[in-house]
1. Which of the residues belonging to segment 276-299 are under 25 Å from Ile320 (Cα atoms) and loosely packed, with under 14 Cβ neighbours inside 10 Å?
2. Touching a residue at least 12 places away in the same chain (Cβ under 8 Å) and not basic (Lys, Arg): does that describe Asn281?
3. Being among the β-branched types (Val, Ile, Thr), in contact with a helix residue (DSSP H, G or I) (Cβ under 7 Å, 6 or more places away or on another chain) and either farther than 21 Å from Thr489 by Cα or surrounded by 17 or more Cβ atoms within 10 Å (Cβ to Cβ) (or both) is the requirement here; does Thr399 meet it?
4. Please work out which one of (1) of a type outside the set (A, V, I, L, M, F, W, C); (2) modelled with pLDDT of 85 or more; (3) exposed (fewer than 12 other Cβ atoms within 10 Å of the Cβ) is the condition Glu64 fails and give its number.
5. What's the total number of residues in segment 247-275 that are surrounded by 14 or more Cβ atoms within 10 Å (Cβ to Cβ) and within 30 Å of Pro184 (Cβ to Cβ)?
6. Identify all residues within segment 13-44 that are within 30 Å of Lys174 (Cα to Cα), in contact (Cβ under 8 Å) with a residue 60 or more places away in the chain and surrounded by 15 or more Cβ atoms within 10 Å (Cβ to Cβ); write none if there are none.
7. Inside segment 398-415, can you point out the residues that are among the charged types (D, E, K, R) and either in contact with a Ser or Thr (Cβ under 7 Å, 6 or more places away or on another chain) or not in a helix (DSSP H, G or I) (or both)?
8. Under the condition of being surrounded by fewer than 12 Cβ atoms within 10 Å (Cβ to Cβ) and at negative phi, which residue from segment 365-380 is nearest to the chain's Cα centre (by Cα)?
Amino acid sequence: MKKSTIWLLTVLMALTFMGLLYIQIIYLESMVKMRNDQFAEGVRRSLYGVSSLLEQDETKYFLEEDVADVKSSSVYTQYGGIPHLGGIKYSFTTHSGLVGDVTLKADADKIYKLQSDQNNVAASYNSMREELKGQYLYQKSIMDDVIINIMNKAAERPIQERADSASVRRYLQKELSNNGLDLPFEFAVVSHNGHVFYHSGGFGNMNVSPDNTVFVQSLFHNDPALKKNYLKVFFPSKDKYILSSLKFMIPSFLFTFILLIVFLYTIILAFRQKKLTEMKNDFINNMTHEFKTPISTISLAAQMLNDPSVRKSPTMLQHISGVINDETKRLRFQVEKVLQMSMFDKKKGTLRLQDVDANTLISNVVNTFRLKVEKYGGHITANFDAEDAIVNIDEMHFTNVIFNLLDNAVKYRKEDTPLDLTVSTKNIPGDKLRIIIADNGIGIKKEDLKKIFEKFYRVSTGNRHDVKGFGLGLAYVYKMLGLMGGNITAESELGKGTRFIITLPLLSSDEDVQTEE
């Protein structure tokens with residue numbers, strides 16, 4: 001897959017996820033706004049219901065205040081109370097057109113006497129009618145007095161008496177529950193100028209945010225403007241209550257987030273696979289080139305051997321055999337590097353670990369490599385300052401590690417400056433051996449220094465034939481040292497050279513004793 005195709009898919013998927021998240025966020029905001037509106041409407045209905053209940057209580061208060069007068073002026077009281085037997089029923093019509101019935105109840109003898117006296121019936125009827133008319137007018141005047149008292153005297157009563165704290169809390173709980181709002185609340189009753197008459201325990205410490213407002217309802221609507229009082233209600237857990245009703249949105253965001261993570265991981269894998277493919281293609285191209293040169297040289301030497309004149313010259317035969325031998329070694333070395341790839345997936349059990357004197361092993365490698373360094377006019381120096389250099393390593397692979405690092409120093413030397421190569425060992429705290437291989441070569445850029453130990457990664461050095469490779473050398477070094485319990489770091493500055501620092505654990509004294517036994 002082309003990189004442009006991967007980028008196109010990445011952009012399309014990113015836009016799709018952004019659109020999906022945008023729609024979800026807009027929907028969530030709409031749901032929150034709708035829930036807030038529903039909550040506010042329910043609270044307003046509840047507060048209006050509380051105000052109506054308090055007004056009903058006040059009306060009841062003034063009616064009960066005059067109930068004794070109403071009872072004392074009733075027609076039944078005038079006639080000795082309510083009898084338990086049958087009676088005389090009278091019908092009447094008031095001056096305003098209202099029609100009513102009245103039944104007079106008394107003892108049977110009294111009723112009989114009243115009914116038997118024909119002359120007194122009409123007079124009694126007329127008298128009763130006038131009395132009922134007067135009673136109606138009297139009771140109407142009492143009701144008028146009650147209404148006037150409510151209008152004139154109610155506002156003068158203390159608000160604590162008109163709407164006591166217990167009643168307000170009880171009515172609030174009832175009305176809020178009727179509207180489906182079962183959540184904690186705090187309230188206060190205040191005057192028109194903000195004076196607080198009383199409040200609940202948590203109202204004074206409330207933390208009001210722009211989205212969590214205080215709801216206000218006027219009490220006793222007919223009170224004069226300067227004597228109006230207000231009920232304020234605050235819901236501390238309103239935000240949690242609103243969000244709790246939107247829990248069904250959490251799985252949606254969770255699944256979207258999981259999809260986003262999977263998408264990002266897939267894109268990263270795609271780019272890694274693309275990079276790995278490119279590095280493998282470079283590896284194949286480099287391998288073909290590296291194999292082509294020695295094979296061509298060997299083939300040419302073989303053709304020369306078929307020439308009779310060449311076979312007659314011992315000097316020419318020696319030269320051709322030397323060329324074939326050198327190119328064969330070179331080909332074998334390249335094949336060995338390709339085979340090193342198989343070591344990356346093998347476990348530590350494949351290594352043949354043994355106790356080795358690192359000073360001796362490195363010294364042998366340096367002596368072998370000295371001729372190659374001097375061939376290019378360079379110089380190699382070895383400083384073995386480590387008094388204790390016994391480490392548990394695989395001798396063959398550790399030899400390859402040192403050889404690869406020395407070979408890199410030769411490959412990446414400066415053309416116009418003699419190579420100065422230094423190898424040193426030293427004991428460091430923590431029972432460890434430090435090995436430093438330093439050169440004065442071309443150095444490595446900072447951005448490349450972080451990747452030099454990656455498989456197939458090669459630092460760009462132009463089109464120089466002697467530095468072409470497979471990008472496996474340093475990756476092999478890093479892997480092998482890790483399997484042997486050590487590590488390697490690199491320090492470099494472009495144009496000034498490179499230092500490779502190897503750290504390996506030394507054998508402890510206990511291990512030495514056990515080995516001697």
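The values are calculated or read from the model by the stated rules, or taken from the named source; none is laboratory data. These numbers were taken from a predicted model, which means no experiment stands behind them. Neighbour counts run over all protein chains shown; Cβ positions are idealised from the backbone, glycine included.
1. Result: Thr288, His289, Lys292, Ile295, Ser296, Ser299.
2. Numbers: touching a residue at least 12 places away in the same chain (Cβ under 8 Å): no; not basic (Lys, Arg): yes.
No, not satisfied.
3. Taking the combined requirement at face value, the residue satisfies it.
4. Unmet condition: (2).
5. Matching residues across segment 247-275 total 1.
6. Matches in segment 13-44: Met31, Val32, Arg35, Asn36, Phe39, Gly42, Val43.
7. The answer is Arg413, Lys414, Glu415.
8. Filtering segment 365-380 for residues surrounded by fewer than 12 Cβ atoms within 10 Å (Cβ to Cβ) gives 367, 371, 375, 377.
Imposing the further condition that a residue be at negative phi reduces the set to 367, 371, 375.
Details: Asn367: 60, Leu371: 61, Lys375: 62 Å.
Filtering segment 365-380 for residues that are surrounded by fewer than 12 Cβ atoms within 10 Å (Cβ to Cβ) and at negative phi, the one nearest to the chain's Cα centre (by Cα) comes out as Asn367.
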